[in-house]
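The values are calculated or read from the model by the stated rules, or taken from the named source; none is laboratory data. All values reported here derive from a predicted model rather than from experimental measurement. For neighbour counting, all protein chains shown are included, and Cβ atoms are generated from backbone atoms with ideal geometry for every residue, glycine included. Accessible surface areas use protein heavy atoms only, side chains included; no ligands, DNA or RNA. Shrake-Rupley method; radii C 1.70, N 1.55, O 1.52, S 1.80 Å.
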Amino acid sequence: CWIITRLAVFLLKKEFNITTNITSIYAIYKAIRETIYQYLDKMYQTDKISTKDEHEYFSVDESLIAHKNGRQLWLLGIINNSTKEFRIEASFERDTPTIKKFISKYVETGNIIVSDGWGSYNYLDNINSGYLHIKHIHGAGAFGWGAQSTSHIESIWAQLKSKIKETY
């Protein structure tokens with residue numbers, strides 16, 4: 001839809017203060033849009049991720065996709081490590097309240113959340129969070145294995161970023 005495309009181009013230009021020509025901005029917008037449509041078809045689902053068993057493993061992570069003039073745009077992602085069903089949202093924040101809201105929106109309590117060592121996940125260590133938490137400090141060489149790792153969500157980031165880079 002032409003109006004939505006022009007609006008998106010306008011917002012990209014305004015939010016990130018991009019001073020290049022409209023053709024380049026449109027190409028960036030188109031690449032991001034097509035990549036998200038192709039690889040992240042579950043992006044706008046608002047229902048909880050389904051589970052087959054109790055206490056399933058969910059990997060959660062955040063990935064920087066754009067930054068300009070101190071402003072950062074993050075993708076927040078969570079995936080059921082056994083069914084591979086996932087949800088992704090874009091956010092300008094990745095603080096504890098944002099992460100907490102994101103996880104509770106898509107994952108029933110009682111499941112196991114696997115994360116890296118980013119401080120916003122520390123609330124999960126509290127028994128009252130409703131989740132079991134496995135934390136891997138990547139800087140200390142801890143990455144986990146199989147369902148108890150963040151490799152599932154990291155794989156989605158790699159696919160997304162490689163598709164965006166292919167466009168340029």
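Each peptide in 110-121, 125-136 gets a packing score, the mean of other Cβ atoms within 10 Å over its residues, and the list from highest to lowest is 110-121, 125-136. Legend: calculated FRET efficiency, D47 to T23, from the Cβ-Cβ distance at R0 = 45 Å, rounded to 0.05, equals 0.75.
The phi-based Karplus calculation (6.51 cos²θ - 1.76 cosθ + 1.60; θ = phi - 60°) puts the 3J(HN,Hα) values of region 71-79 at 9, 10, 10, 10, 9, 9, x, 9, 9 Hz, whole numbers, x for Gly and Pro.
By a 1.4 Å probe calculation restricted to protein chains, K48 has an accessible surface near 70 Å², given to the nearest 10. When the chymotrypsin sites (Phe, Trp or Tyr not before Pro) in region 40-114 are filtered for DSSP coil states and for at most 15 other beta-carbon atoms within 10 Å of their beta-carbon, the remaining sites are Y44, F92. The aspartates and glutamates within cross-link reach of K163, meaning a Cα-to-Cα straight distance under 12 Å and a gap of 8 or more places when in the same chain, are E34.
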